[in-house]
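Participant: Take this structure, written in C-alpha cells, and hold onto it; I'll ask about it next.
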Amino acid sequence: MVAYPPGGGIDVMGRQIAEKLTAAWHQPVVVDNRPGANTIVATDAVAKSAPDGYTVLMTTDATFSINPHLYAKMPFDTQRDFVPVTMLVLLQQLLVAHPSLPANSLQELIALAKAKPGSINYASYGSGSQPHLSGEMLKYKAGIDLVHVPYKGISLAVPAVMAGEVQLTFAGIATSTAPLKSGRIKPIAIGGAKRSPLFPEVPTFSELGYPEVETHAWFGLFLPAGSPKEAVSRLYLDTKKIVDEPEFRQKQLVDRGYEPVGSSPDEFSMYISKDRESRGRAVKISGARAE
C-alpha cells in the first residue's frame, strides 16, 4: 500500500519493487495507492490490517518523522502500531529558483532577502511538508524573511517556480533535473553531507555554513505491529537484494538522484527515532500545524 498517488517517484519505485518481489516469491504483489491526509489514509489502513505479513506500507519520512509533530491526535500510534522493515533510499532536495531572481548563490539570496525583507516567496506542498520545514529553518538560521506559499501537491511547487508565480522552492533531484538542464530553474544549494554526483557544481548547505537546513526525505517499508518475525526478515532481505542489484541500483536509484540504503529493521528503527527528534525541532521553529 503506497501512501501517495500514482505516477510519483515513490509510486514508480513501489511498482518496480512489487514486480521484482512477484518474480522472487512466485505470487502476485499488488500495489494499492491510498493517498490522502498527509499519508494518514494509507497508514491507518495498514495499521488496522491483519498482522500476517501480507499488507505492507510504503511511505516517506512524512508519516513517521513529521506527522507526529503536526497532529495532536492520529488514528494510530506510529511507534506502537508498526514494525520498520527497511529504509529503501534517501533523497536530498535542492533549493531552486526562477532564473529571473537576482541571486545565483545562497550568499546572494540571503543578502537580497535582507535588503528586501518579505519580497521573496517560496513554494511548498503544504504546511509541515519538507520544503516548508527547510524554508523556515533557513529563515531562522540566516535571519531573513521569506514568504511561505503552500500549494496543494508536490507536483505543483516546481511548475510554480518555472511559471514565475514564486521565486523559490525545495525539490528533489528527480523532479528538478529536467527543468534545471533546460534552464527553466536554477540551483542555489543542496542538502546532505556531500554534493550530488549529478550536480557536482551545486554546494551543500553544510559547506555554506547552514548544516541545520535539512532537506532530506526517505522511502521505507513497514509492516503492522505483531507481524511474524519471519515475514519481517524475508521482506527486508528480499528488498535489500533488489536495492543491491547492480543494474537496478545504478539505473533506477543512483541515476535518478536517490541514495540507496537497504537498512536492517533495527538500523531503520534507530534512524527514525533520531529523525523524528530533528524534525520536531524544525516543526517547532516553523510553527507548522496540520491543515
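Participant: Please list, in order along segment 33-40, the HN-Hα scalar couplings obtained from phi with the Karplus expression 6.51 cos²θ - 1.76 cosθ + 1.60 (θ = phi - 60°), rounded to whole Hz, x for Gly and Pro.
Facilitator: Each residue's phi maps through the Karplus curve to give 7, 10, x, x, 6, 6, 6, 5 Hz.
Participant: Which aspartates and glutamates, if any, have their Cα less than 14 Å from the Cα of Lys186, not counting same-chain residues under 8 positions apart?
Facilitator: Of all the aspartates and glutamates, those that pass the test against Lys186 - Cα under 14 Å, at least 8 places apart if same chain - are Glu108, Glu201.
Participant: Using Stokes-Einstein with the Kirkwood hydrodynamic radius over Cα pairs, what translational diffusion coefficient do you get for segment 1-47 at 4 °C and a viscosity of 1.567 mPa s, in µm²/s rounded to a whole number? Each step should come with its number before you reach the end.
Facilitator: Numbers: Rh = 11.1 Å.
Value of D from the Cα-based Kirkwood radius: 117 µm²/s.
Participant: Any chance you could look up the accessible area of Lys48 with a 1.4 Å probe, heavy atoms only, rounded to 10 Å²?
Facilitator: Accessible surface of Lys48 is approximately 130 Å².
Participant: Mind listing the Cα extents of the chain along all three principal axes, in Å, largest one first?
Facilitator: Sorted from largest, the Cα extents of the chain read 60, 43, 30 Å.
Participant: Can I ask one more? Provide the solvent-accessible area of Glu108, counting protein heavy atoms only and rolling a 1.4 Å probe, rounded to the nearest 10 Å².
Facilitator: The accessible area of Glu108 comes to roughly 90 Å².
Participant: Let me ask something else. Can you pull the percent of segment 101-191's accessible area that's carbon plus sulfur, 1.4 Å probe, other chains left in place?
Facilitator: Values: 2000 of 3630 Å².
C and S fraction of accessible area: 55 percent.
Participant: Another question, if that's okay. Near the amide H of Ile120, under 5 Å away, which other amide H atoms are found, from residues 5 or more places off or on another chain, if H is placed in the peptide plane?
Facilitator: Amide H to amide H, under 5 Å and 5 or more residues apart or across chains, Ile120 pairs with Val147.
Participant: When N is the residue count of segment 1-129, what does its C-alpha Rg come to as a fraction of 2.2 N^0.38 Å?
Facilitator: Working: Rg = 19.3 Å, N = 129, 2.2 N^0.38 = 13.9 Å.
Ratio of Cα Rg to 2.2 N^0.38 Å: 1.38.
Participant: Here's a follow-up. Around Leu88, what is the net charge, scoring Lys/Arg as +1 and Asp/Glu as -1 over all other residues with Cβ under 14 Å from its Cβ?
Facilitator: Here the count lands on -1.
Participant: What does the charge add up to near Val31, with Lys and Arg as +1, Asp and Glu as -1, over the other residues with Cβ less than 14 Å from its Cβ?
Facilitator: Details: positive: Arg15, Lys20, Arg34; negative: Asp11, Glu19, Asp32.
After counting each charged neighbour, the total is 0.
Participant: A further question on this structure: Where Rh is the Kirkwood radius over the Cα pairs of segment 149-291, the temperature 20 °C and the viscosity 1.002 mPa s, what D in µm²/s does Stokes-Einstein return? Intermediate values should be presented prior to the final figure.
Facilitator: Working: Rh = 17.8 Å.
So the translational diffusion coefficient is about 120 µm²/s.
Participant: Okay, helix-only estimate at 222 nm for the chain: each DSSP H run of n ≥ 4 adds -39500 (n - 2.57), divide by all residues, round to 500 deg cm²/dmol; what do you get?
Facilitator: Working: 9 runs with 108 residues, N = 291.
Roughly -11500 deg cm²/dmol at 222 nm, from the helical runs in the chain.
Participant: Further, regarding this structure: Suppose we keep just the DSSP beta bridges with both residues in the chain; what percent of those would be antiparallel, to 5? Each step should come with its number before you reach the end.
Facilitator: On the way: 24 of 34 bridges.
So the antiparallel bridges in the chain amount to around 70 percent.
Participant: If I stretch the segment between Val41 and Leu208 completely, what's the gain in nm (0.36 nm per residue apart, minus their alpha carbon distance), one decimal? Please report the intermediate quantities before stating the final value.
Facilitator: Values: separation 167, 0.36 × 167 = 60.12 nm, distance 3.87 nm.
Result for the pair: 56.3 nm of gain on full extension.
Participant: Can you give the translational diffusion coefficient of segment 209-265 in µm²/s, computed by Stokes-Einstein from the Kirkwood radius over Cα pairs at 25 °C and 0.890 mPa s? Before the final figure, lay out each step's value.
Facilitator: Details: Rh = 13.4 Å.
After rounding, the answer is 184 µm²/s.
Participant: Measure up Lys181/Lys284; Lys240/Lys274; Lys141/Lys241; Lys116/Lys274; Lys20/Lys48; Lys116/Lys284 against 30 Å on the Cα-Cα distance and list the ones that go over. If you can, show how the numbers build up before the last one.
Facilitator: Details: Lys181/Lys284 36 Å; Lys240/Lys274 22 Å; Lys141/Lys241 41 Å; Lys116/Lys274 36 Å; Lys20/Lys48 26 Å; Lys116/Lys284 26 Å.
Long pairs (Cα-Cα over 30 Å): Lys181/Lys284; Lys141/Lys241; Lys116/Lys274.
Participant: With a 1.4 Å probe and all protein chains left in place, how much accessible area per residue does segment 42-172 have, in Å²? Intermediate results must be reported in sequence, preceding the final value.
Facilitator: Numbers: 5040 Å² over 131 residues.
Ligands and nucleic acids excluded, the figure is 38 Å² per residue.
Participant: Segment 162-224 to segment 55-122: how many Å between their Cα centroids?
Facilitator: Value for the Cα centre distance between the two parts: 11 Å.
Participant: Over the chain, what is the mean sequence separation of C-alpha contacts under 8 Å (at least six apart), divided by residue count, expressed as relative contact order in percent? Show your work: numbers first, answer last.
Facilitator: On the way: 551 pairs, mean separation 82.5, N = 291.
Worked out over the chain, it gives 28 percent.
Participant: How would you order 55-61, 155-161, 190-196 from highest to lowest mean count of nearby Cβ atoms within 10 Å? Intermediate values should be presented prior to the final figure.
Facilitator: Details: 55-61: 23.0, 155-161: 20.1, 190-196: 17.7.
Put in order of decreasing packing, that is 55-61, 155-161, 190-196.
The values are calculated or read from the model by the stated rules, or taken from the named source; none is laboratory data. It should be emphasised that the depicted structure is a prediction, and the values quoted were computed from it without experimental measurement. So basically every Cβ, Gly included, is an ideal-geometry build from the backbone, and we count neighbours across all protein chains shown. What goes into the accessible areas is simple: the full protein's heavy atoms, side chains included, and nothing from ligands, DNA or RNA. Shrake-Rupley method; radii C 1.70, N 1.55, O 1.52, S 1.80 Å.
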